[in-house]
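Report on one structure; see the data block that follows.
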Amino acid sequence: MADTASRPAILISRILPEESLRLARTRAEVDLHKGDGPLPKGELAARLGGRAGLVCLITDTIDEALLAACPDLRVVSNVAVGFNNIDLAAATRRGVVVTNTPDVLTETTADFTWTLLMAAARRLVEADRYVREGRFTQWELMVLLGGDVHGKTLGVVGFGRIGRAVARRALGFNMRVLYHDAASAGRAVEQELRASATDLETLLRESDFVTLHTPLLPETRHLINARTLGMMKPTAYLINASRGSVVEEAALAEALREGRIAGAALDVYEHEPQVHPDLLGLPNVVLAPHIASASHDTRVQMANLAVENCLAVLEGRTPPTPVNPEVLKRR
Ligand code: DGY
């Protein structure tokens, strides 16, 4: 164990897997918030006072005011690939390193995207309810009919690591894959995944399943709205395991209610943990509580990586997955 005097002081804002806490405690003086919900803002700032590192979750808002109140802070390590809960520009300006947890959750998130897609297409949640309610009294030819997946067109919006992993799984379903992204994936990837780049409108008009994998940026906020939903086929499904605000929920609820699209499956919401009340009453939307990366193995890997990122910065090493590496160069 390292000498206590030289060990950095960090705050971990929520319970992590035991293995990750052990890793943190062998190399740092750890203050752990054991409470159920996120620390209220004032308390978070108070607990961070004098500490150099923070390991936090997407439910912690790390904004300019918090950063200003914590001048000793050198690293904010998010246990997530997304980091829209952190004011990245403010952190970069103040010389605070921000890190995230890419890669380790890619495959698990892609698996769950397919869970959502299949559940929506084949009406799994409705079917489960049907059985539990005692309505399965005889085999019926025309009950709970869904949409086919195999051989259909999958439209992937945001063709980064997760979007590509989702597309890779479509090969097994013999699907045509369209993708839309600011950057081209390049010929080798397009050939491997049998995917074609296209503009958003063509993707929306031609896809049977539209799956969102873009980060939340000013230009992707409400990318899916009444106008763009209107471009989708009435038989198409929308899947969102990215960030809730990429979709305008009120417009989606209306489109689902009016049958302008066939169905949707959502893991994320505009105002988590609240879900738009109009969605809650609709049978043709599957609702999950932001669990796309929630397998035992993946959550441990995410937490371990976040702890490692935090400790690396404080021990003067390059963290494995920095978001603003330019801050490291300034040191
Ligand atoms: C992320 O990593 O950004 C997810 O939303 C939580 O796993």
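The values are calculated or read from the model by the stated rules, or taken from the named source; none is laboratory data. Just so you know, these numbers come straight off a predicted model, no measurement behind them. Here Cβ is always computed from backbone atoms with ideal geometry, including for glycine, and neighbour counts include all displayed protein chains. Heads up: the accessible areas ignore ligands, DNA and RNA and are worked out on the full protein's heavy atoms, side chains in. Shrake-Rupley method; radii C 1.70, N 1.55, O 1.52, S 1.80 Å.
In table form, for the structure just shown:
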quantity	calculated
Residue in the range 216-223 that is under 20 Å from V275 (Cα atoms), under 22 Å from the mean Cα position of the chain (by Cα), aliphatic (A, V, I, L, M) and assigned by TED's automatic domain parsing to the domain that holds A265 present	yes
Residue in the range 106-118 that is over 22 Å from K152 (Cα atoms) and within 11 Å of the ligand (Cβ to nearest atom) present	yes
Helices (runs of 4 or more DSSP H) fully within the range 251-331 counting 2 or more residues that are touching a Leu at 6+ places or on another chain (Cβ under 7 Å) and open to solvent by less than 10 Å² (accessible area, probe 1.4 Å)	296-314
Qualifying residue in the range 280-288 (condition: within 30 Å of R74 (Cα to Cα), within 16 Å of the chain's Cα centre (by Cα) and within 16 Å of the ligand (Cβ to nearest atom))	no
When residues of the range 84-93 are limited to those that are under 14 Å from V327 (Cβ atoms) and surrounded by fewer than 22 Cβ atoms within 10 Å (Cβ to Cβ), the one nearest to the ligand (Cβ to nearest atom)	L88
Qualifying residue in the range 238-255 (condition: over 28 Å from L145 (Cβ atoms) and of a type in the set (V, I, T))	yes
Entirely in the range 1-98, the helices (runs of 4 or more DSSP H) that have 2 or more residues that are over 22 Å from the mean Cα position of the chain (by Cα) and more than 21 Å from N304 (Cβ to Cβ)	41-48, 64-69, 88-93
Residue satisfying condition, being open to solvent by less than 70 Å² (accessible area, probe 1.4 Å), within 16 Å of the ligand (Cβ to nearest atom) and of a type outside the set (S, T, N, Q), within set V96, V81, V30, V75	V81
Every pair of residues 6+ apart whose Cβ atoms lie under 8 Å, when the first sits in the range 277-296 and is free of Cβ contacts under 8 Å to residues at least 24 places away in the same chain while the second is within 12 Å of the ligand (Cβ to nearest atom) and open to solvent by 60 Å² or more (accessible area, probe 1.4 Å)	H290/E272
L57 of a type outside the set (D, E, K, R) and open to solvent by 20 Å² or more (accessible area, probe 1.4 Å)	yes
Residues (among the hydrophobic types (A, V, I, L, M, F, W, C) and part of a loop (DSSP other than H, G, I, E, B)) located in the range 165-186	M175, A182, A183, A185
Residue satisfying condition, being out of contact with any Ser or Thr (no Cβ under 9 Å at 6 or more places or on another chain), among the small types (G, A, S) and within 16 Å of the ligand (Cβ to nearest atom), within set G230, G244	G244
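Yes/no per residue for (1) assigned to a loop (DSSP other than H, G, I, E, B); (2) touching a Leu at 6+ places or on another chain (Cβ under 8 Å); (3) among the aliphatic types (A, V, I, L, M); (4) closer than 20 Å to A262 by Cα:
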position	(1), (2), (3), (4)
Y130	no, yes, no, yes
T137	yes, no, no, no
D148	yes, no, no, yes
F159	yes, no, no, no
G163	no, no, no, no
